[in-house]
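Report on the structure given below.
The values are calculated or read from the model by the stated rules, or taken from the named source; none is laboratory data. Model, not experiment: these values are computed from the prediction. With ideal geometry, Cβ positions are generated from the backbone for all residues, glycine too; neighbour counts draw on all protein chains shown.
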Amino acid sequence: MGGGASSCNKKLVDASRRGVIKEMEAAFKKGADPNSKDEHGNTALICAAQRGQAKACELLIQKKAEVDFLNKSDKTAVHYATKDGDKEYNATLKVLLDAGAHADIYDEIRQTPLFYTAWFGNLEMTTMLLEKGAKVDNQTPQGDTPLHGAAKMGKLEICKLLVEKGADTKKKDGQDRTALDCAEYMKTADCVEYLKTVT
């Protein structure tokens, strides 16, 4: 790869991270690769998703960026879009999913994006992932499900949504605990009260 191509690829990644569309377009005009990576192996799309840059993601996808690229941590742009609850991240996740990004990929610690939205308590994101085919009862090597995570964190509305979508309330983690057991251990009273009615 020539120095000129390397330079414009670097500019694309940097502009994508900051969400500066004009700079991204200028980099593309100079031949930037839509799948350009930073020094950590993250594509421009992942860099944009990490910062909740929905418009940048849209442009990269229009330029045929790979939506399900796995970085060194086996995370995709969707994983990073689900790690925050701000409106910008909700919009970013929608852009990615609408473009066909997979909703149900495991990362290096065997968590799918649904684990993150359940943990952080983002109802809108959790709904989006489920609507796009995320499995409600995936388990980590420790046996945790998204419902276990929501119960531990006291995310009542997430617990209700997961159960409504078919989460198995009797499924146990590696310590032989149900979501209710986890809620009781963490003293998340609202979740305890609710899970007692459905377990």
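Conditions tested, residue by residue: (1) assigned to a loop (DSSP other than H, G, I, E, B); (2) touching a strand residue (DSSP E or B) at 6+ places or on another chain (Cβ under 9 Å); (3) not aromatic (Phe, Trp, Tyr).
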position: SER6; (1), (2), (3): no, no, yes
position: LYS10; (1), (2), (3): no, no, yes
position: SER16; (1), (2), (3): no, yes, yes
position: HIS40; (1), (2), (3): yes, no, yes
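Out of curiosity, is THR140 surrounded by 16 or more Cβ atoms within 10 Å (Cβ to Cβ), of a type outside the set (A, V, I, L, M) and over 26 Å from SER16 (Cα atoms)?
Considered against the rule, which asks whether it is surrounded by 16 or more Cβ atoms within 10 Å (Cβ to Cβ), of a type outside the set (A, V, I, L, M) and over 26 Å from SER16 (Cα atoms), THR140 comes out as yes.
Which residues, counting only those in segment 18-38, are more than 20 Å from SER73 (Cα to Cα) and outside any loop (DSSP other than H, G, I, E, B)?
Matches in segment 18-38: ARG18, ILE21, LYS22, GLU23, MET24, GLU25, ALA26, ALA27, PHE28, LYS29.
Only residues that are surrounded by fewer than 17 Cβ atoms within 10 Å (Cβ to Cβ) and either among the basic types (Lys, Arg) or at positive phi (or both): list them for segment 143-159, please.
Within segment 143-159, just GLY143 meets the criteria.
Restricting attention to segment 13-60, report how many residues are over 24 Å from MET125 (Cβ atoms), surrounded by 24 or more Cβ atoms within 10 Å (Cβ to Cβ) and not hydrophobic (A, V, I, L, M, F, W, C).
Residues in segment 13-60 being over 24 Å from MET125 (Cβ atoms), surrounded by 24 or more Cβ atoms within 10 Å (Cβ to Cβ) and not hydrophobic (A, V, I, L, M, F, W, C): 1 in total.
Kindly provide the set of residues from segment 164-199 that are surrounded by 12 or more Cβ atoms within 10 Å (Cβ to Cβ) and among the hydroxyl-bearing types (Ser, Thr, Tyr), ordered by number.
Matches in segment 164-199: THR169, THR178, TYR185, THR188, TYR194, THR199.
Can you pull out every residue in segment 48-66 that is in contact with a strand residue (DSSP E or B) (Cβ under 9 Å, 6 or more places away or on another chain) and either modelled with pLDDT under 95 or assigned to a helix (DSSP H, G or I) (or both)?
Once the filter is applied, which keeps residues that are in contact with a strand residue (DSSP E or B) (Cβ under 9 Å, 6 or more places away or on another chain) and either modelled with pLDDT under 95 or assigned to a helix (DSSP H, G or I) (or both), segment 48-66 yields only LEU60.
State all residues of segment 77-110 that are surrounded by fewer than 24 Cβ atoms within 10 Å (Cβ to Cβ) and in contact with a His (Cβ under 8 Å, 6 or more places away or on another chain); if no residue qualifies, say none.
Within segment 77-110, ILE105, ASP107 qualify.
Touching a residue at least 24 places away in the same chain (Cβ under 8 Å) and in contact with a Phe, Trp or Tyr (Cβ under 9 Å, 6 or more places away or on another chain): does that describe ALA15?
no
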